[in-house]
């Protein structure tokens with residue numbers, strides 16, 4: 001089954017404690033991206049990757065890191081989380097110029 | 001940058017009626033996409049329309065694109081309770097994908 005898998009689905013952490021949200025897709029898609037969704041603001045792109053070892057900043061990259069060492073994986077790293085990074089996060093993958101497949105989301109709370 | 005902006009922000013209609021949502025964007029695009037999201041879940045891709053297309057159909061969905069007005073509309077015909085969701089348009093800006101803030105659609109029984 002074609003899917004994008006994010007883990008964990010829910011996470012509560014404390015300010016400053018490094019965390020990683022994993023994302024994996026099984027469709028051999030080149031394009032992968034991370035979004036955060038906040039009430040009233042819609043989805044905003046954090047980082048995207050056109051292919052292995054190629055990553056670029058989206059609209060709200062501050063406080064986040066990503067890596068793309070393999071085609072299927074695109075982890076999101078928060079080196080020092082802060083409460084303003086409390087949000088619902090989505091990973092997505094697609095072929096260039098095609099509709100995206102989204103993961104089920106990771107609800108992160110930073111206290 | 002917020003590329004797509006949906007209108008209205010919220011819409012309530014009776015089951016069986018048609019629902020129309022609009023999306024406006026700012027810069028030139030290669031394609032425009034519509035997605036559905038059920039309450040806090042992942043987005044589901046509905047339809048993609050390319051910049052050289054004016055209209056596209058998929059089941060009960062009809063999408064139009066007017067590049068001169070930088071706008072698109074999504075029409076859902078014969079609405080059902082299961083259509084209750086948020087709908088987002090998304091456009092490409094260089095290699096970035098920019099989403100609007102969405103239209104919340106509520107189908108009344």
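For the residues B:42, B:16, B:59, a GNM of chain B with alpha-carbon springs under 10 Å puts the largest fluctuation on B:59. Each residue of the stretch B:6-50 gets 115 Å³ once the volume of the Cα convex hull is shared out per residue. Placing a label point 7 Å from the Cα of residue A:62 along the Cα-to-Cβ line, no residue of the stretch B:80-108 has its backbone N under 19 Å from it.
Summarising the overall dimensions of the stretch A:1-89 from its C-alpha atoms, the Rg and Dmax are 12.8, 37 angstrom.
For chain A, the relative contact order works out to 36 percent when only alpha carbon pairs closer than 8 Å and six or more residues apart are counted. Between the stretch B:54-109 and the stretch A:11-76, the alpha-carbon centres lie 25 Å apart. Spin-label model, residue A:28/residue A:79: points 7 Å from Cα along the beta carbon direction are separated by 3.6 nm.
In plain terms, the chain from residue B:10 to residue B:82 could stretch by 24.3 nm, reckoned as 0.36 nm per residue minus the Cα-Cα distance.
Pairs of Cα atoms nearer than 8 Å and 6+ residues apart set the relative contact order; for chain B it is 40 percent. Largest mean-square fluctuation among B:96, B:70, B:56, in a Gaussian network model of chain B whose springs join Cα atoms under 10 Å apart, belongs to B:96. Chain B gives an Rg/Rh value of 0.95, both radii derived from C-alpha positions and Rh following Kirkwood.
For chain A, the share of DSSP beta bridges that are antiparallel, to the nearest 5, is 90%. With all pairs of different C-alpha atoms in the average, the Kirkwood value for the hydrodynamic radius of the stretch A:40-104 is 12.9 Å.
Using the alpha carbons alone, the radius of gyration of the protein assembly as shown stands to its Kirkwood radius in an Rg to Rh ratio of 0.97.
Coordinate-derived values only; no laboratory data. Since this is a predicted model, take the numbers as computed values, not measurements. Positions of Cβ are generated from backbone atoms using ideal geometry, with glycine treated the same way; all protein chains shown enter the neighbour counts.
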